[in-house]
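Working notes, beginning with the structure itself.
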Amino acid sequence: EIVDLVHQYDCEKYVYFMGVMDGIKAMKEYAPHLKCCMSAAPEHWKIVDRAIEVGAEKVQLFKPYFNKEMIDKAHACGIICNVFWSDDPEETKNFLEMGIDTILTNDYNRISQTVADFKKRGQL
């Protein structure tokens, strides 16, 4: 039903399904054209390898269980890296310097300003 709603409302470009290994495998079989995001649980440090194995387009890294090497490996395979979460501008800056693509936050105004400043300096 959810996949049907995604199609009905023409949302294929704007949504992704997040899950663990079995859920992503099932989604890739049922609707391979929709994007999937690998959850960090249960083995946080193996998230990128699991995403590669099932063809997930994104990973949702969970702080502090990731490092730059994981981000670089994901990017080398075309995988987008989300981080859950940052509300602190300095932490956000550090994540951006590591190569994080998307930062989930509870304080959009503050963090979006940090990202904008980072872009102005040509760092993104």
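What GluC sites (Glu not before Pro) in segment 1-41 are in a loop by DSSP, with at most 12 other Cβ atoms within 10 Å of the Cβ? Let's see the in-between values first.
Details: sites: 1, 12, 29; in loops: 1, 12.
Of the GluC sites (Glu not before Pro), the ones in loops of segment 1-41 whose Cβ has at most 12 other Cβ atoms within 10 Å are 1.
For the chain, what does the helix formula give at 222 nm: sum of -39500 (n - 2.57) over DSSP H segments with n ≥ 4, over the residue count, nearest 500 deg cm²/dmol? Can you show the working numbers first?
Working: 6 runs with 57 residues, N = 124.
Mean residue ellipticity, 222 nm, calculated: -13000 deg cm²/dmol.
Where does the chain land on Rg/Rh, using Cα atoms and the Kirkwood Rh? Kindly include the intermediate steps, with their values, before the conclusion.
Details: Rg = 15.2 Å, Rh = 15.3 Å.
Across the chain, the Cα-based Rg/Rh ratio is 1.00.
By how many degrees, between 0 and 90 and to the nearest 10, does the Cα long axis of helix 108-120 differ from the longest principal axis of the chain?
Compared with the principal axis, the helix lies near 70 degrees.
Show which aspartates and glutamates lie in cross-link reach of residue 73 when reach means a straight Cα distance below 20 angstrom and same-chain residues fewer than eight apart are skipped.
Excluding near neighbours in sequence, the set is 43, 49, 53, 57, 97, 101.
Can you give the FRET efficiency to the nearest 0.05 for residue 49 and residue 119, using r as the Cβ-Cβ distance and R₀ = 30 Å?
Details: r = 31 Å, r/R0 = 1.03.
FRET efficiency, residue 49 to residue 119: 0.45.
Given the pairs 46/120; 28/120; 35/93, which are separated by over 29 angstrom at their Cα positions? Could you put the intermediate results ahead of the total?
On the way: 46/120 34 Å; 28/120 38 Å; 35/93 27 Å.
Checking Cα-Cα distances, 46/120; 28/120 exceed 29 Å.
Tally Lys and Arg at +1 and Asp and Glu at -1 over the other residues with C-beta under 12 Å from the C-beta of residue 101: what net charge comes out? Each step should come with its number before you reach the end.
Numbers: positive: 58; negative: 57.
The answer is 0.
No lab work stands behind these numbers, since they all come straight from the coordinates. Predicted model only: the values in this text are computed from it and were never measured. When we count neighbours, we look across all protein chains shown, and the Cβ atoms used for this are built from the backbone with ideal geometry, even at glycine.
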